[in-house]
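Asker: The structure under discussion is supplied below as structure tokens; questions concerning it will follow.
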Amino acid sequence: ISILGDSIARGFYAYNVLTNSYNFASGNMAAWSINDYTFDYGGKTAMVYKDALSESQPPYIYISMGMNDVNMVTADQYIESYNEIISSVQAACPDSNIIVASITPIAASSNFASNETIQRYNDELKSLVEGYNSDRIRFYDAMSIVVDSATGALHPNCDGGDGIHLSGSGDLGQASVC
């Protein structure tokens, strides 16, 4: 699996879930700014995401970004950018399965955005993915895994300390999800 996304997606590398060579994620990446970032893979350097993924040809690609979009672009602009990303990934890796993850919630105490706005973007993203009507492109509701059902905000066990990023050691009952 290869990961494409923002600082939350970068957590797969930061928490030693995957090696850096499979993590095409960067701190401030957003759907609207994805082409501003470059990655190294297989001895090649400074490749844009679609070239890095094309070089690696992973069987699975997990795309997770949006936290840096919710305060910068409208939901329509976000979906337009995301649609271009999915199409580019699909063209670069036609045999890969693409998993598009929802934006995760923020802590109730955070004023970065509102969880209602995040949910609205997620609803639009889910509709986009379902519109592809493809067994190779699936929506994954990451928000539902780390949300506190009582508040609709990021579960305290999953808060990495800033109200936005996920921890690497959260425990919700029997499932470690953060």
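Asker: Applying the selection to region 90-107, what residues are in contact (Cβ under 8 Å) with a residue 12 or more places away in the chain, under 16 Å from SER56 (Cα atoms) and not in a helix (DSSP H, G or I)?
Answerer: Within region 90-107, CYS93, ASP95, SER96, ASN97, ILE98 qualify.
Asker: Which residue out of SER81, SER87, SER144, SER110 is hydroxyl-bearing (Ser, Thr, Tyr), assigned to a helix (DSSP H, G or I) and farther than 28 Å from SER56 by Cα?
Answerer: Just a single option satisfies the conditions, and that option is SER144.
Asker: Tell me which residues, restricted to region 72-116, are under 19 Å from LEU154 (Cα atoms), of a type outside the set (Phe, Trp, Tyr) and open to solvent by 30 Å² or more (accessible area, probe 1.4 Å).
Answerer: Across region 72-116, the qualifying residues are ALA108, SER109, ASN111, SER114, GLU116.
The values are calculated or read from the model by the stated rules, or taken from the named source; none is laboratory data. Predicted model only: the values in this text are computed from it and were never measured. Neighbour counts run over all protein chains shown; Cβ positions are idealised from the backbone, glycine included. Note: areas computed on protein heavy atoms with side chains; ligands, DNA, RNA excluded. Shrake-Rupley method; radii C 1.70, N 1.55, O 1.52, S 1.80 Å.
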